[in-house]
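Student: Below you'll find the structure I mean.
Where a number appears in this text, it was derived from the coordinates with a stated rule and is not lab data. No experiment lies behind these values; they were computed from the predicted model shown. Cβ sites come from the backbone with ideal geometry, for glycine too, and all protein chains shown count toward neighbours.
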Amino acid sequence: MIPRFRFGRTGLRTAGRSALLVALLTLLAELPAWAGSSLSAWRFNREGSLEIRTAPGIQVQAFFEEGPPGKGPRVWIDLPGAPSRTRTVPAGGVLREVRIGKPDPGTTRLVLEFQPGTRLDPRQLRLVGTARDRWRMDFQGLPSRSLLAVGEGDFDAPVRSGGWISRNTGSGFGNSGRTTSPLPLNPAGLPSVPRGRYRVVIDPGHGGPDPGAVGIGGLRETNVVLDVGLQVAQLLQARGVSVSLTRTSEVDVDLPPRVALANNIGAHLFVSLHANALSMSRPDVNGVETFYFQGGNSQRLASVIQQQLMAVSPGTPDRGARPGRFYVIRRTTMPSALAEMGFVTGSIDAPRLADPNFRRRLALAVATAILEYLNP
Ligand SMILES: [Zn+2]
């Protein structure tokens with residue numbers, strides 16, 4: 001939490017293009033079309049499947065379209081009732097963006113725009129009803145890791161009889177209170193370094209009575225950075241790196257002991273993890289930034305961390321690797337960096353930071369950066 005600077009939202013786009021309609025996929029109807037807006041939530045889960053929640057018993061249509069040359073394929077789903085407003089949500093990996101549109105006054109259209117070159121087999125795409133108000137579409141053949149967790153709305157709210165209840169600036173679908181990842185560790189794709197050679201200190205900021213920044217939906221910086229920090233440590237340890245954490249639970253640790261730990265054990269590098277915040281009235285401010293105190297190795301460390309964090313954070317502003325004078329990076333005697341992994345008050349960043357799946361990606365990004373720095 002080091003609030004400063006102001007950045008605008010990344011540009012939103014609306015696409016309108018003509019292309020060949022290749023296949024009409026699915027038409028499932030349990031009950032007559034329900035009057036009013038019917039889409040209440042959507043998300044990509046960690047298996048890479050699209051899940052949507054709707055009013056119960058509605059009729060839903062899904063379509064597929066091969067893009068023209070230079071454009072990617074597109075999948076869209078039409079539901080009864082119009083959204084209160086149309087919008088575009090930046091996505092990641094093979095999914096370029098998700099749009100909530102209104103093709104006519106009585107229809108909500110959820111559009112998935114994939115990157116050019118993405119191969120989808122329309123014969124394998126099915127929108128399957130899993131409950132009276134839930135649907136799922138699997139994208140076979142796409143690696144699930146190539147889809148970033150994005151979404152809007154609440155999958156756990158009680159069923160409502162009507163109305164558009166999804167909000168772009170809502171708390172997303174994450175679980176803001178959890179501090180552990182439900183995902184298995186998978187360090188297989190991480191760079192290698194000589195085992196037993198390096199000592200690293202990971203510093204999850206704040207803790208205990210100091211929650212750090214508190215953002216949308218009560219999202220607490222301390223929970224986010226502890227979860228990510230613990231996972232970074234596990235990932236590095238699996239690569240034979242000796243890791244010390246300045247804290248491993250929700251306790252308050254002052255700044256000098258954090259620095260002293262790193263200096264006393266002769267750590268090769270020190271990385272402090274934080275999440276940013278501005279005002280709750282500025283959900284338009286999002287972005288990732290990484291600080292270093294001095295140029296040279298600390299600057300290189302900050303740059304590679306920033307680069308890796310941005311690689312898993314598409315659509316949020318890149319605020320860069322930049323000089324800063326914060327205590328923990330100023331007083332440590334080894335190369336050090338302080339990463340602000342997103343804004344808990346930002347409409348793009350907060351739902352992601354609340355999502356354990358996204359925190360896993362942050363941890364993989366930080367671990368990858370550290371290993372790259374140690375063994376370029
Ligand atoms: Zn902080």
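Student: What FRET efficiency do you get for GLN237 and ALA311 if R0 is 30 Å and r is their Cβ-Cβ distance, rounded to the nearest 0.05?
Tutor: 0.85
Student: Okay, moving on. Do you know the relative contact order of region 227-376, to the nearest whole percent, from alpha carbon pairs under 8 angstrom that are 6+ apart?
Tutor: Averaging sequence separation for qualifying contacts and normalising by length gives 33 percent for region 227-376.
Student: Over the residues of region 271-335, compute the C-alpha Rg and express it relative to 2.2 N^0.38 Å.
Tutor: Normalised Cα radius of gyration, region 271-335: 1.18.
Student: Evaluate E = 1/(1 + (r/R0)^6) for VAL251 and ARG136, where r is the Cβ-Cβ distance and R0 equals 35 Å; express this FRET efficiency to the nearest 0.05.
Tutor: That gives a FRET efficiency of 0.30.
Student: Taking the simple approach of a point 7 Å from Cα along Cα-to-Cβ for both ASN263 and THR86, what is their distance in nm?
Tutor: For the pair ASN263/THR86, the computed spacing is 5.9 nm.
Student: Can you grab the distance from the C-alpha centre of region 316-362 to the C-alpha centre of region 55-112, Å, no decimals?
Tutor: 32 Å
Student: Ranked from highest to lowest mean number of other Cβ atoms within 10 Å per residue, what is the order of the peptides 309-315, 284-290, 92-98?
Tutor: Listed from highest to lowest mean packing, they are 284-290, 92-98, 309-315.
Student: Let me ask another. Which of the three applies to region 89-131, rounded, prolate or oblate, going by the alpha-carbon gyration tensor with a ≥ b ≥ c and a/c under 1.5 meaning rounded?
Tutor: Here region 89-131 falls in the oblate category.
Student: Order by neighbour count: HIS274, HIS268, fewest other Cβ atoms within 10 Å first, most last.
Tutor: With the fewest neighbours first, HIS274, HIS268 line up as HIS268, HIS274.
Student: SER192 to ASP121: extension gain in nm, 0.36 nm per residue of separation minus the Cα-Cα distance?
Tutor: Here the answer is 22.0 nm.
Student: Give the order of VAL214, VAL243, VAL150 when sorted by the count of other beta carbons within 10 angstrom, beginning with the fewest.
Tutor: Neighbour counts put them in this order, fewest first: VAL214, VAL243, VAL150.
Student: Roughly what would the spin-label model give for SER279 and SER49, points 7 Å off Cα along C-beta, in nm?
Tutor: 4.3 nm
Student: Moving on. Could you bin all the Cα-Cα distances of region 187-374 into 10 Å bins starting at 0 and give me the percent of pairs in each, rounded to whole numbers?
Tutor: Spelled out per bin, shortest first, that is 11, 41, 38, 10, 1.
Student: Counting other beta carbons within 10 Å of each residue's own, what order do ASP252, ASP104, ASP355, ASP138 fall into, fewest first?
Tutor: ASP104, ASP252, ASP138, ASP355
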